[in-house]
Amino acid sequence: MNDTKGDKKMTGSFHDEMIAILPRLRVQALSLTRNRAAADDLVQDAVCNALAAQHSFTPGTNFSAWMHRILRNRFISDLRKKRETGNIEDVPASAMAGSGAHEERLVVKELAEAMNRLPADQREALVLVVMQGMSYDELAAATGCAVGTAKSRVFRARRQLATWLYGEERDMSTVELRGAVRRLRARVGEQVAAPF
């Protein structure tokens, strides 16, 4: 009987963690699909998969990495089936549409367009590290790659964005887009955790 109570506590904790991670999953899904409806469907499918596989999750391990991995695997499976992700939608610019700062919207739109041009693995790595504040270790666990590969993907994405946005290589830690990224993160409900 005590085992049953333990299972119920784990289930409650599991559901609490699931609810807490939903906004981060949606951001990752948007970075993968670049389409709001497809992102919502992807998150829903990943949550259903996780609930069905709840018994396989080991309490005390990295729930966030486990969920991000499920979402990514689901995306890859869907991509293999469809061979196409659908219409591209400019999510970051539309998220900023209500701010009233025209210049800021243009900067965010330019950033979003540049992000959409990045290879999917680099875009995903950059979103998870910069927008969601994941560590490189967490990114590696979530994407199933080595830590060095995770660092390389983020570095290459930053360098490529700097080249596209400024026409030259520049240290992305000092790019003027920091403020726009912070405000964008606040709009999607994320806390500022890592500088851009």
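Nothing in this text is a laboratory measurement; each read-out follows from the coordinates by a stated rule. Given the structure is predicted, the values throughout are model-derived calculations rather than measurements. Quick reminder, even Gly has a Cβ in these numbers, built from the backbone with ideal geometry, and neighbours come from all protein chains shown.
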* Structure fact -> Per the rule of 0.36 nm per residue minus the C-alpha distance, extending Trp164 to Cys145 adds in nm 4.2 nm
* Going by C-beta contacts inside 10 Å, put Thr149, Thr58, Thr33, Thr163 in order with the fewest on the left. => Thr58, Thr163, Thr149, Thr33
* Asked: Taking 0.36 nm per intervening residue step and subtracting the Cα-Cα distance, what contour gain separates Arg80 from Leu106 on full extension?
  -> 5.9 nm
* To do: Please arrange Ile76, Ile21 by counting, for each residue, the other beta carbons lying within 10 Å of its beta carbon, fewest first.
  => Ile76, Ile21
* Relative to the present Cα-Cα distance, how much length would full extension add between Met18 and Gln44 at 0.36 nm per residue of separation? -> 8.2 nm
* With labels modelled as points extended 7 Å from the Cα through the Cβ direction, what inter-label distance (nm, one decimal) is found for Asn62 paired with Asp121? -> 1.7 nm
* Structure fact -> Quick shape summary for region 2-82, equivalent ellipsoid via Cα gyration tensor, semi-axes whole Å in descending order, reads 26, 12, 10
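Only counting other Cβ atoms within 10 Å, I'd like Cys48, Cys145 sorted with the fewest neighbours first. Walk me through the numbers on the way to the answer.
Values: Cys48 12, Cys145 15.
The order, fewest Cβ neighbours first, is Cys48, Cys145.
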